[in-house]
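K.L.:
Here's a structure for you.
Readers should treat all values here as calculations from the given coordinates under stated rules, not as data from a laboratory. Every value quoted in this text rests on a predicted model; they were computed, and no experiment measured them. Every residue, glycine among them, receives a Cβ derived from its backbone with ideal geometry; neighbour counts consider all protein chains shown.
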Amino acid sequence: MYVIVGVTGGIAAYKTVQLVRLLVLGGHEVHVIPTDDAVRFVGIPTWEAISRHPVTTSVHDDVAKVRHVALGQAADLVIVAPATANFLAKMAAGLADDLLGTSLLATTAPVVVAPAMHTEMWRHPATIHNVEVLRSRGVHVIGPEDGPLTGGDIGPGRMTEPDRIHAFATGLLAHRDDLAGVRVLVTAGGTREPIDPVRYIGNRSSGRQGVAVALAAADRGAHVTLVVAHAEADVLVSARSHPRIDVTHAVTAFELAAEVADRAETADIVVMAAAVADYRVAEASERKLAKDETGGELTLKLVETDDILAALVGRRRPGQMIVGFAAETETDAAALLARAIRKRRRKGVDLLAVNEVGWQKGFETPDNTLTLIGSDDEVIATAGGTKREVADALWDAVLAQR
Ligand code: CTP
């Protein structure tokens, strides 16, 4: 494949040499386009030797070959690593005052950026906005990671390690269209069951894993309907603007069931990643409960919600594939597996994705680990990494099982 690696002016540029090497060793044709600032960190001879192609920063070299757009037009994939705060701002604004800028405007290939900067810059509202703009255009943002930074400070800002960028990028290339035309229904987030008009019973799901599953499917060519219960604010930005994802919302388990029921009829694959409440308050109060009325003690009667997944399995169309999720707190590996296998059978799903959770595990983190159990009760795969990486592993397993 024809891969452009853009390099911008951050110290992490030295790590990008390894990324280019991994891509070249993988048999890809790699063209490096550094910015002028980047070559103050790593010089052009290094990029030329490692990529085995001529390298320039300028739109004024090789003009006869219309190089300022030719590279971008030919690319199957563009990676910008490291992407500085300044360069993210330029990309968001569509500026094209150098070869990397023009190449990015000329390409229709997937674009991956690996930001690297100090924590204050990453958290600045301007950078947050620029990253949102890029995500809304379908740009894949990988990292930055949390850890020690060059100045000795610690926090989010480290560029993701080259081997992980490489795995993500080659994954994108490998799976580009393997779900083309497939209709997928994904649920995500946590339902909220009202106690009264201002209080609810909820759970800690951020929606990240389910939304990552939807994005991975859409990036691989699927048409995705995403039904979201409560999700954290930033989680839906990329999904909302993805051309192949329709987002709808549901608050309670009852609403989620209703949204899913119609849409499942036309879906080829359903993934129930939402954390659905098992119980709801039998009679939610129409007025806010007040302490002087409850008398020092409050008893809520909870009743079971309908099992949406079980209903889906009961109405499954021939050829339709149904994937369930299970969050478990069991820490003994053998007991966890036995429990998961029982759950897969009980639910009757084709694939059960099991994640081990705890107060500090699985929630509010970018990473996750999933064990995937197939219809013959075998562990098909164990996937660890970012929620997006895990989502891609889930789709690999779904396709293998299909
Ligand atoms: N699920 C559902 N409807 C519910 C509850 C759960 O569709 N009312 C789905 C979830 O979206 C998930 C799967 O069922 O895909 C497993 O959820 P989980 O809560 O682990 O299963 P339970 O049957 O509630 O099992 P447990 O006894 O462990 O709570």
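K.L.:
Using a basic spin-label model with each label point 7 Å from the Cα along Cα→Cβ, how many nm lie between Asp332 and His124?
P.N.:
Going by the 7 Å Cα→Cβ label model, 5.4 nm.
K.L.:
Moving on. How big is the gap, in Å, between the Cα center of the range 309-385 and the Cα center of the range 55-107?
P.N.:
43
K.L.:
Run the quick spin-label model on Leu399 and Ala381: label points 7 Å from Cα toward the beta carbon, then report their separation in nm to one decimal.
P.N.:
Distance between label points: 0.9 nm.
K.L.:
So, one more: Quick check on the range 183-401: of the DSSP beta bridges with both residues there, what percent are antiparallel, nearest 5%?
P.N.:
Taking every DSSP beta bridge with both residues in the range 183-401, the antiparallel ones total about 40 percent.
K.L.:
Further question on the same structure: Along each of its three principal axes, how wide is the spread of alpha-carbon positions in the range 1-61, in whole angstrom units, largest first?
P.N.:
Principal-axis extents of the range 1-61 (Cα, largest first): 28, 26, 16 Å.
K.L.:
Continuing with this model, one more query. Measuring from a point 7 Å past the Cα of Asp262 along Cα-to-C-beta, which residues in the range 210-236 have an amide N at less than 12 Å?
P.N.:
So the set is empty, nothing qualifies.
K.L.:
Then there's this: Please give the helix 13-25 orientation as an angle from the longest Cα principal axis of the chain, in degrees from 0 to 90, rounded to the nearest 10.
P.N.:
90
K.L.:
Take every DSSP beta bridge with both residues inside the chain and express the antiparallel ones as a percent of the total, to the nearest 5.
P.N.:
Around 35 percent of the beta bridges assigned by DSSP in the chain are antiparallel ones.
K.L.:
OK, next. Using only the Cα atoms of the range 170-249, what semi-axes does the equivalent ellipsoid have when each is the square root of 5 times a gyration tensor eigenvalue? Give whole Å, largest first.
P.N.:
Three semi-axes, in Å: 28, 11, 9.
K.L.:
Mind checking which of Ala214, Val80, Ala180 is farthest towards the positive end of the chain's charge dipole, using Cβ charges of +1 (Lys, Arg) and -1 (Asp, Glu) about the Cα centre?
P.N.:
Ala180
K.L.:
Can you say what percent of the DSSP beta bridges in the range 176-270, counting only those with both residues inside, are antiparallel? Round to 5.
P.N.:
25
K.L.:
Based on the Cα gyration tensor of the range 4-163, what are the three equivalent ellipsoid semi-axes, each the root of five times an eigenvalue, rounded to whole Å and given largest first?
P.N.:
24, 18, 14
K.L.:
Same structure again: Counting other Cβ atoms within 10 Å, which trypsin sites (Lys or Arg not before Pro) in the range 167-268 have at most 14 and lie in a DSSP loop?
P.N.:
Arg204
K.L.:
In addition: What are the ³J(HN,Hα) couplings of the range 97-106, residue after residue, when phi is run through the Karplus curve with 6.51, -1.76, 1.60 and θ = phi - 60°? Round to Hz, x for glycine and proline.
P.N.:
Each residue's phi maps through the Karplus curve to give 9, 8, 5, 5, x, 5, 5, 5, 6, 8 Hz.
K.L.:
Mind checking which lysines have their Cα closer than 29 Å to the Cα of Lys343? Skip sequence neighbours fewer than 8 apart in that chain.
P.N.:
Straight-distance partners of Lys343: Lys301, Lys361, Lys387.
K.L.:
How about the range 257-300: which GluC sites (Glu not before Pro) there lie in a loop by DSSP and see at most 13 other Cβ atoms within 10 Å?
P.N.:
Passing both the DSSP loop test and the Cβ count: Glu265, Glu283, Glu286, Glu297.
K.L.:
Tell me what the chain gives for mean residue ellipticity at 222 nm when only DSSP H runs of n ≥ 4 count, each as -39,500 (n - 2.57), the sum divided by the residue total, rounded to 500 deg cm²/dmol.
P.N.:
One gets -10500 deg cm²/dmol as the mean residue ellipticity at 222 nm.
K.L.:
Further question on the same structure: Can you give the extra length, in nm with one decimal, that the chain gains between Ile341 and Tyr14 once fully stretched, where that is 0.36 nm per residue apart less the Cα-Cα distance?
P.N.:
113.1 nm
K.L.:
Please work out how much length the chain gains when fully extended from Val303 to Gln73, using 0.36 nm per residue of separation minus the C-alpha to C-alpha distance, in nm with one decimal.
P.N.:
Taking 0.36 nm per residue and subtracting the Cα distance, the gain is 77.0 nm.
K.L.:
Still on this structure, please answer the following. List the aspartates and glutamates whose Cα sits under 14 Å from the Cα of Lys291, skipping any in the same chain fewer than 8 residues away.
P.N.:
Asp196
K.L.:
Another question about this same structure. Just in the range 304-377: which GluC sites (Glu not before Pro) are loop by DSSP and have at most 16 other Cβ atoms within 10 Å?
P.N.:
Passing sites in the range 304-377 are Glu330, Glu364.
K.L.:
Same structure, new question: Expressed as cubic angstrom per residue, what is the convex hull volume of the alpha carbon set of the chain?
P.N.:
Hull volume normalised by residue count: 166 Å³.
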